[in-house]
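K.L.:
First, the structure itself, so that you have it in front of you.
The values are calculated or read from the model by the stated rules, or taken from the named source; none is laboratory data. Keep in mind that what you see is a predicted model, and the values were worked out from it rather than measured. Neighbour counts are summed over all protein chains in view; Cβ atoms, including those assigned to glycine, are modelled from backbone coordinates with ideal geometry. When the accessible area is computed, the model is the full protein with side chains, heavy atoms only, and any ligands, DNA or RNA have been set aside. Shrake-Rupley method; radii C 1.70, N 1.55, O 1.52, S 1.80 Å.
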Amino acid sequence: MNEFVEECRREWERLGVPDPVANEMAVELEADLEEAEAEGVSSEEVLGSGAFDPRAFATACAAERGVIQSNAPDGHGLPRRSRLVAAICVFALVAVSGGALVVGAPSAEPTRLAITAPGPPMVVGPTGRVALWPAPSPVEMVRIAEAARDAAAYGVALPLPAGDTRIVAVPHDSGEDVRVLGWVLLAVGIAGATALTTLRLVAEG
Amino acid sequence: MAAVERRRSQFLRGVLDLCLLAVMEEGPAYGYEMTKRLRARGLSTVGEGSIYPLLGRLEREGLVETHRAASDGGPPRKYYRPSRKGRLALAAGVSEWRAARDAVDAVLDPVEAEVAS
């Protein structure tokens, strides 16, 4: 096939021109150029200055034919490239979000609370997920309640002699799940962004 | 010389679609055949443009009908001819062209007379 026509075909393919239309245009062009050449007529006389820029020529033909968006071209398929860049940005955003979840997830280690028991049993927390007795001092109670709320703590019940102090481990119930979700998003984001970036480099190379 | 060709190219650009409709009105023609018909009338260059994008536009706008047929000893070609809408557009375009040409002539004719005298 004529080199000029080959270039046009590649450009039509890149622009997403449907194959039947691209084939039709290529066959028409090739037959005309062959006939012109046989008659000693240069391709420039047939194609005008388009003979020197097959991509622009192909883009103009496809745009006038109405098989691509007329603003796509300038010979470089901007809308498609923009979509690709937008998709890369979305994947990058997913990766960053995943990374933030991994870093920001509560520690897998349980929170350790120092409990001193000066009084009778008490229940801490609006859902009753932390039960302590005997009750710590009021100041200690506030600290424990806040720590338990922040850590989504649950299920601690300790009978303590008055004045005794225990270190209580309050496990987390959501940190690991958040971290797993973070890793998944990070992996998907990195994989998607890498694949699309490679695709873009190959298409432009 | 390049300036002359550029000016001719610019003149032609505005009416090339009419010229194409006119030459295919003489009989169905494929792309290169139209180029030859234009050349036979002195329009030997299409300059910066080309007939092919224009043919695409004429087809998209329904101004031409196409069919494939064997050419003389060559591969099947895509033949164009004006549709009814295309013939109407041609008639209207020719009127516009003549009006524009007459207006330009009215401006340029005295200049020509001065140069000649």
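K.L.:
Scan the stretch B:46-65 and tell me whether some residue there is closer than 24 Å to A:ILE68 by Cα, away from chain A (no Cβ under 12 Å), open to solvent by 50 Å² or more (accessible area, probe 1.4 Å) and more than 16 Å from the chain's Cα centre (by Cα).
P.N.:
The answer is yes; a qualifying residue exists.
K.L.:
Let me ask another. If you scan the stretch B:81-111, which residues turn out to be in a helix (DSSP H, G or I), under 16 Å from the mean Cα position of the chain (by Cα) and of a type outside the set (A, V, I, L, M)?
P.N.:
Of everything in the stretch B:81-111, those that are in a helix (DSSP H, G or I), under 16 Å from the mean Cα position of the chain (by Cα) and of a type outside the set (A, V, I, L, M) turn out to be B:GLY86, B:ARG87, B:GLY93, B:SER95, B:GLU96, B:TRP97, B:ARG98, B:ARG101.
K.L.:
Within the stretch B:21-36, can one find any residue that is small (Gly, Ala, Ser) and either closer than 19 Å to A:ALA36 by Cβ or in a strand (DSSP E or B) (or both)?
P.N.:
Within the stretch B:21-36, the subset small (Gly, Ala, Ser) is B:22, B:27, B:29, B:31.
Applying the additional criterion that residues be either closer than 19 Å to A:ALA36 by Cβ or in a strand (DSSP E or B) (or both) yields B:29, B:31.
Scanning the stretch B:21-36, I find at least one residue that is small (Gly, Ala, Ser) and either closer than 19 Å to A:ALA36 by Cβ or in a strand (DSSP E or B) (or both), so the answer is yes.
K.L.:
Okay, moving on. Quick one: A:VAL27 ticks every box in (1) touching a residue at least 12 places away in the same chain (Cβ under 8 Å); (2) open to solvent by 10 Å² or more (accessible area, probe 1.4 Å); (3) farther than 22 Å from B:SER44 by Cα bar one, so which box is it?
P.N.:
Among (1) touching a residue at least 12 places away in the same chain (Cβ under 8 Å); (2) open to solvent by 10 Å² or more (accessible area, probe 1.4 Å); (3) farther than 22 Å from B:SER44 by Cα, A:VAL27 violates only (1).
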